[in-house]
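The next block holds one structure in the form of structure tokens; read it before the comments.
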Amino acid sequence: MKDWILIICFLFVIPVAASNKDNTTRLSEAEKLVLVNPQKAFSIAQKVYADPSLTHAEKIQSLFIMTNTSNLLQKPLTVIQYGNEFLKMANNREDLATKIKILGILGNTYQFLKLNEKARYYLDQAELLLASPKLKDSLDLVRGNTFYLKAMNYFYSLDSDIAISYFNKAIDQYSRSKNPLAEINIKLAYLNKAFCLINQNKTQEAWENLKFAAVTPNEASKPYPLQFTELQDAFIEFGNARILAAENRPAQSNEVLLRLLEQRKNTPSREDIENDSYELLIENFLQLGDLAKHDYYESLFNKQSAKSNRESAALVSQLIAQDSAHFAAEKKSINRNYLLLIIVSGIIMVVILSVILLKTINVYKKQRDLKKKVFSNL
């Protein structure tokens, strides 16, 4: 479960001043497309952001849409680019809730890149802002998302006790929220809490949380995205396999895993759950003494892991290069500004010295003229 991408729903509406009806209309259109067609939503927001006449609110909204859709499209470097641009601008009281959401998305992104400490840095900032008296009491979804991401950060750090405490906080906030997106996020919280409990060998509690994580038949009419429902069902099945393995029933666990892999062979590739399944099959077949199948699934696992590690390393390398280029540009800008400051300061000093010199010369002339008058009268 370590590579499970932590996409939770951050979507919300930022009020925009009606200073430009065309931009307001386009941003409203982009917001409606975020979950339906994130690529198109990103393109619209990007074009709007290029307009030099945007108000502060429109810039904030454009940056949020670009950051959020980049997160949904799994483009971590773009998330970091626009997310940090947003943070530089978000200084107004009205931006506080949005700032917390951006900090959460950035924390989520760094977690995906396996940069755990960097992820915690952003998530800690988000949690600190939750205590602000300027934050509306009605933003339960925002609080829930922040606690959920903090829980996942500790889950990645293998600290299940703290992770579970944050999952409980997230579930409490989602339960209070009237936002329909909370119904999706609470199921993710129950799912990952179950995996924490499995790590602690609390299989009965884990099984109960997996039940809460499931989309039941009487909930089928609710607006759960199809991809979410399918993935949730797959991870619940994997959780059941983990529980069976933890209860020393490797053969039954393998039946669940092989059925899961068969169901998923024609679906879009999701290396995270497939690789986790291979890893558990390796352990189960070793326990059963079937070395041939153990070696087979180990080769699949190593192949997938190597590919995933290469992709992660490439993304981190690109991020380092991106940060280095940004630092170089900032340094160049600072040096240019410093040089300009020196030149301006030099000009001012020359002017001041010139004025002082002229005054000195005038005083000297007056003294000389006075002396001439005095001597001429003797």
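Laboratory data are not the source of any read-out in this text; all were calculated from the coordinates shown. Because the structure is a prediction, the values reported are computed rather than measured. Note that each Cβ is placed from the backbone with ideal geometry, even for glycine, and that neighbours are counted across all protein chains shown.
Here the Kirkwood formula, the inverse mean of 1/r across different C-alpha pairs, assigns the range 123-177 a hydrodynamic radius of 11.2 Å. Give K88/K118; K150/K187; K169/K193; K47/K136; K169/K211 a once-over and call out the pairs whose C-alpha atoms are over 21 Å from each other. Beyond 21 Å: K47/K136. For the range 140-218, the alpha-carbon radius of gyration amounts to 1.03 times the rule-of-thumb value 2.2 N^0.38 Å expected for a compact globular protein. If you bin all the Cα-Cα distances of the range 117-248 at 10 Å, starting from zero, the percentages per bin are 13, 40, 34, 12, 1, 0.
A simple spin-label model places pseudo-atoms 7 Å from Cα toward Cβ; at E283 and V36 they are separated by 4.3 nm.
Taking a ≥ b ≥ c as the square roots of the eigenvalues of the Cα gyration tensor, an a/c ratio of 1.5 or more together with a/b no larger than b/c marks the range 37-117 as oblate. Set the Förster radius R0 to 22 Å, insert the Cβ-Cβ distance between N168 and N116 as r into 1/(1 + (r/R0)^6), and round the FRET efficiency to 0.05. Plugging the Cβ-Cβ distance into 1/(1 + (r/R0)^6) gives 0.55. Take the Cα of L73, step 7 Å toward its Cβ, do the same at A214, and the gap between the two points is 3.7 nm. Does a label point 7 Å from the Cα of L158, set along Cα-to-beta-carbon, have any residues of the range 97-118 with amide nitrogen under 15 Å, and which are they? Output list for this probe position: 116. Each of the peptides 70-77, 248-255, 167-174 was scored by the mean count of other Cβ atoms within 10 Å over its residues; in descending order, highest first, they stand as 167-174, 70-77, 248-255.
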